[in-house]
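Asks: Dumping the structure here so I can ask a few things about it.
The values are calculated or read from the model by the stated rules, or taken from the named source; none is laboratory data. Everything numeric in this text was worked out from a predicted model, so none of it was measured. Note that we place each Cβ from the backbone using ideal geometry, even for glycine, and neighbour counts take in every protein chain shown. For accessibility, only protein heavy atoms count, side chains too; no ligands or nucleic acids. Shrake-Rupley method; radii C 1.70, N 1.55, O 1.52, S 1.80 Å.
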Amino acid sequence: MITLEKVWFSYTPSGPYLLQDLNLSINDGDYISIVGENGSGKTTLIKLLLNFLSPNKGTLTSTFTKPVYIPQRFENLNTQFPITVYEVLNCYRKTLKIKDIDCITYSLNQVHMYEYRNSRIGTLSGGQFQRIFIARALLGQPDLLVMDEPSNGVDAKSQSEIYLIIKKINRSAKVTVVSVEHNLKAAIENSTRIYHVAQGSGHFCSPDEYRQEYLQANTRSNPYATL
Amino acid sequence: MLHYSFMQNAFVVASLLAILCPLIGIFLVLRRYSMIGDTLSHASLAGVAIGLVTNTNPLISSFLATSFFGIIIEILREHFKRYAELILVIVLSLSVGIAITIISAGAAHTNVEVFLFGSILTVSRTDLYAVLTLSAISLTTVAFLYHQLVFITFDEEGAKIAGIRTKLINYVFSILVAATISVAIRIVGLLVISSLISLPVATSLQLDKGFRSTLLFSIFFSFIDIIFGLIISYWINAAPGGITALVSVFLLITILIFKKLHSTIITATK
């Protein structure tokens with residue numbers, strides 16, 4: 001469980017505050033999608049949740065002991081790198097000092113990528129690539145999975161596969177999931193709760209409430225939409 | 001040719017280099033740091049010059065100087081995050097400046113050419129032992145850090161998050177580069193060391209394999225490069241540095257042509 005109380009955050013000591021007076025709690029077993037405009041502070045918020053950044057004011061307490069983070073795909077990553085799927089997972093396994101080699105087979109099976117274990121990562125599609133990163137994150141048996149736009153740059157068919165996998169990890173393996181989403185359809189269909197960040201603050205809403213808010217906000221700003 | 005003890009020494013050192021250079025090189029090339037190898041090899045000339053003046057073994061002095069410059073590069077990297085290539089210019093100016101000043105002032109009484117171009121004749125027994133020690137240390141360190149180095153090279157951000165001490169490993173790695181370069185000076189000369197560090201890796205990257213296979217193939221290619229370099233340089237009585245560099249380029253081009261032919265044949269038969 002993570003609890004934020006009156007959290008303020010700024011990248012510079014003098015402000016302006018990107019996040020202001022945030023109060024929220026994430027329960028064990030939640031699947032939370034964080035939505036909001038570009039630059040509203042979504043990524044900053046997950047970095048706070050992961051303890052990569054610490055709040056300037058307020059308190060943040062977390063009971064999760066094994067959080068993992070899957071950053072946005074293609075960010076500083078060379079897809080032509082000469083490395084196989086197995087090697088990607090194995091160097092992570094060694095880093096975490098996990099003795100059991102079978103955990104690689106296990107987590108590749110969880111994302112349905114076992115038959116690709118000897119493929120070079122450069123030969124994988126965007127969706128397969130993302131699944132490998134999910135498999136890698138699962139190696140350490142995390143209790144919190146934090147993702148930044150897991151379906152970014154992935155075709156529609158692979159997107160639904162990815163969300164099925166994430167949903168399964170959340171529901172059957174009881175891993176708490178927090179995911180920054182631009183994909184509103186995915187957020188509404190998959191998450192248990194949606195956290196809407198806007199103008200430095202945020203609030204929780206159910207998928208249905210968010211759908212209403214979204215329609216309202218977008219039709220109001222558009223005079224031609226008269227529905 | 002192998003009954004000369006200097007040739008025996010040269011072959012042992014060459015074989016060690018054939019393993020060491022691509023082992024370090026693969027990480028440098030894949031992190032887009034191959035120019036750092038080149039800069040440090042030029043920087044080692046300052047170490048050689050200092051060694052000649054102070055009468056210490058140039059292998060030791062160049063190792064110390066190159067490690068020093070390697071660490072300077074790592075420190076400057078913090079200050080010039082967006083201008084990485086500028087760091088190399090700064091380090092080159094300092095190191096080559098020192099070298100030229102010492103050598104041109106006539107303080108070093110030995111022929112510097114040997115260190116620039118490499119020579120088989122200069123490999124003495126003492127050198128052999130020094131090379132053996134440095135190689136053993138480097139190989140053990142890389143073997144120990146292998147998985148972490150692969151992780152950092154593939155995904156530095158992810159490695160940091162997973163708890164790898166990337167900064168420390170980067171410093172250790174700089175020293176490994178320095179050790180490799182100081183060892184390689186003897187055979188290939190400092191002007192073309194980067195050909196041994198980068199070219200076998202560039203060649204084996206063409207094979208589109210995984211990391212371990214790419215590494216093993218680059219060791220295989222560098223073995224061909226350096227052994228042919230030695231044999232040919234013995235027969236035509238030229239410095240091994242130049243020939244090794246030429247063989248490595250030739251091998252790369254051969255593989256490129258072979259690959260091109262192979263893909264043409266495959267598309268033709270389809």
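Asks: Are there residues in the stretch B:188-229 whose accessible area shrinks by at least 20 Å² when all protein chains are included rather than the chain by itself, and which are they (probe 1.4 Å, ligands and nucleic acids not counted)?
Replies: SASA drop of 20 Å² or more in the stretch B:188-229: B:Asp208, B:Lys209, B:Gly210, B:Phe211.
Asks: In Å², and per residue, what accessible area does chain A have when probed at 1.4 Å with the other protein chains present?
Replies: For chain A, the solvent-accessible area averages 50 Å² per residue.
Asks: Still on this structure: To the nearest 100 Å², how much accessible surface do chains A and B cover up together, summed over both, with a 1.4 Å probe?
Replies: Using a 1.4 Å probe on protein heavy atoms, the buried area is about 1700 Å².
Asks: Taking K and R as +1 and D and E as -1, what net charge do the other residues with C-beta under 13 Å from the C-beta of B:Ala159 add up to?
Replies: +3
Asks: Using the basic label-point model (7 angstrom from Cα toward the beta carbon), what is the B:Lys270 to A:Lys94 distance in nanometres?
Replies: 3.6
Asks: Kindly state, as a whole number, the per residue volume in cubic angstrom of the convex hull around the alpha carbon atoms of the protein assembly as shown.
Replies: 201
Asks: Stick to the Cα atoms of the stretch A:1-61, pair each with every other, and give me the Kirkwood hydrodynamic radius in Å at one decimal.
Replies: The answer is 12.0 Å.
Asks: Oh, and also: With point charges of +1 on the Cβ of Lys and Arg and -1 on the Cβ of Asp and Glu, referenced to the Cα centre of the protein assembly as shown, which listed residue (B:Leu199, B:Val188, A:Ile98) lies farthest in the positive direction of the dipole?
Replies: A:Ile98
Asks: Let me ask you something else. Cα centroids of the stretch A:71-147 and the stretch B:42-88: how far apart, whole angstrom?
Replies: Taking the Cα centre of the stretch B:42-88 as reference, the centre of the stretch A:71-147 is 38 Å away.
Asks: What distance in nm separates the two pseudo spin-label positions at B:Val249 and B:Ala136, each 7 Å out from Cα along the beta-carbon direction?
Replies: 3.8
Asks: Among A:43-50, A:12-19, how do they line up by average Cβ neighbours within 10 Å per residue, starting with the highest?
Replies: The peptides rank, most packed first, as A:43-50, A:12-19.
Asks: Next up: Take the solvent-accessible surface of the protein heavy atoms, probe 1.4 Å, and return the percent of it on the protein assembly as shown that carbon and sulfur atoms account for.
Replies: C and S atoms contribute 61 percent here.
Asks: Cut-off 11 Å, label point 7 angstrom out along Cα-to-Cβ of A:Glu213: give me the residues of the stretch A:8-43 whose amide nitrogen falls inside.
Replies: Counting only backbone N, you get A:34-37.
Asks: Follow-up question, since we're still on this one. With point charges of +1 on the Cβ of Lys and Arg and -1 on the Cβ of Asp and Glu, referenced to the Cα centre of the stretch B:5-191, which listed residue (B:Tyr146, B:Leu134, B:Asn57) lies farthest in the positive direction of the dipole?
Replies: B:Tyr146
Asks: Looking at A:Ile34, A:Asn51, A:Pro82, which one has the Cα that reaches farthest to the positive end of the dipole of the stretch A:1-101 (charges on Cβ: Lys, Arg +1; Asp, Glu -1)?
Replies: Highest projection toward the positive end goes to A:Pro82.
Asks: Heavy atoms only, probe 1.4 angstrom, no DNA, RNA or ligands counted: give me A:Trp8, B:Trp235 ranked by accessible area, highest first.
Replies: Accessible-area ranking of A:Trp8, B:Trp235, largest first: B:Trp235, A:Trp8.
Asks: Using only DSSP helix segments of four residues or longer, with each worth -39500 (n - 2.57), what per-residue ellipticity at 222 nm results for chain B after dividing by its residue count and rounding to 500?
Replies: -28500 deg cm²/dmol
Asks: Order the following by accessible area, largest value first: B:Tyr129, B:Tyr234. Probe radius 1.4 Å; ligands, DNA and RNA are ignored.
Replies: B:Tyr129, B:Tyr234
Asks: Continuing with the same structure: Does chain B come out rounded, prolate or oblate, given a ≥ b ≥ c as the square roots of the eigenvalues of its C-alpha gyration tensor, rounded meaning a/c under 1.5 and, failing that, prolate meaning a/b above b/c?
Replies: Verdict is oblate for chain B.
Asks: What is the distance, in nm, between label points placed 7 Å from the Cα along the Cα-to-Cβ direction at A:Asp155 and at B:Ser5?
Replies: Computed distance between label sites A:Asp155 and B:Ser5 equals 6.8 nm.
Asks: Hey, what's the per residue convex hull volume over the C-alpha atoms of the stretch B:86-214, in cubic angstrom?
Replies: Here the figure is 150 Å³ per residue.
Asks: Right, another one. When Cβ neighbours within 10 Å are restricted to other protein chains, what is their mean count per residue of peptide B:144-156?
Replies: 5
Asks: For peptide B:159-168, what's the mean number of Cβ atoms from other chains within 10 Å of each residue's Cβ?
Replies: Whole-number average of other-chain Cβ neighbours for B:159-168 is 3.
Asks: A follow-up question, please. When the solvent-accessible surface of protein heavy atoms is calculated with a 1.4 angstrom probe, in what order do A:Ile165, B:Ile71, B:Ile102 fall, highest first?
Replies: These residues rank, largest area first, as B:Ile71, B:Ile102, A:Ile165.
Asks: What is chain B's relative contact order, in percent, from Cα pairs under 8 angstrom and six or more apart in sequence?
Replies: Taking the mean separation of contacting Cα pairs over the length of chain B, I get 29 percent.
Asks: A further question follows. Taking the Cα centre of chain A as origin, sum charge times position over the Cβ atoms of Lys and Arg (+1) and Asp and Glu (-1), and report the length of that vector in debye to the nearest 20.
Replies: The calculated dipole for chain A is roughly 500 debye.
Asks: Report the charge-dipole magnitude of the protein assembly as shown in Debye, nearest 20, computed about the Cα centre from +1 at each Lys and Arg Cβ and -1 at each Asp and Glu Cβ.
Replies: Charge dipole, the protein assembly as shown, about its Cα centre: 520 debye, nearest 20.
Asks: To one decimal place, what Kirkwood hydrodynamic radius in Å is obtained for chain A from all pairs of distinct Cα atoms?
Replies: About 18.7 Å, per the Kirkwood formula over Cα pairs.
Asks: How many angstrom lie between the Cα centre of the stretch A:21-51 and the Cα centre of the stretch B:199-254?
Replies: The two parts, judged by their Cα centres, are 52 Å apart.
Asks: Ignoring ligands, DNA and RNA, what accessible area per residue does chain B give at 1.4 Å, in Å²?
Replies: On a per-residue basis, 46 Å².
Asks: Something else about it: Please identify which residues in the stretch A:1-39 have an amide N closer than 13 Å to a label point set 7 Å out from the Cα of A:Ser201, following the Cα→Cβ vector.
Replies: A:6-8, A:19-24
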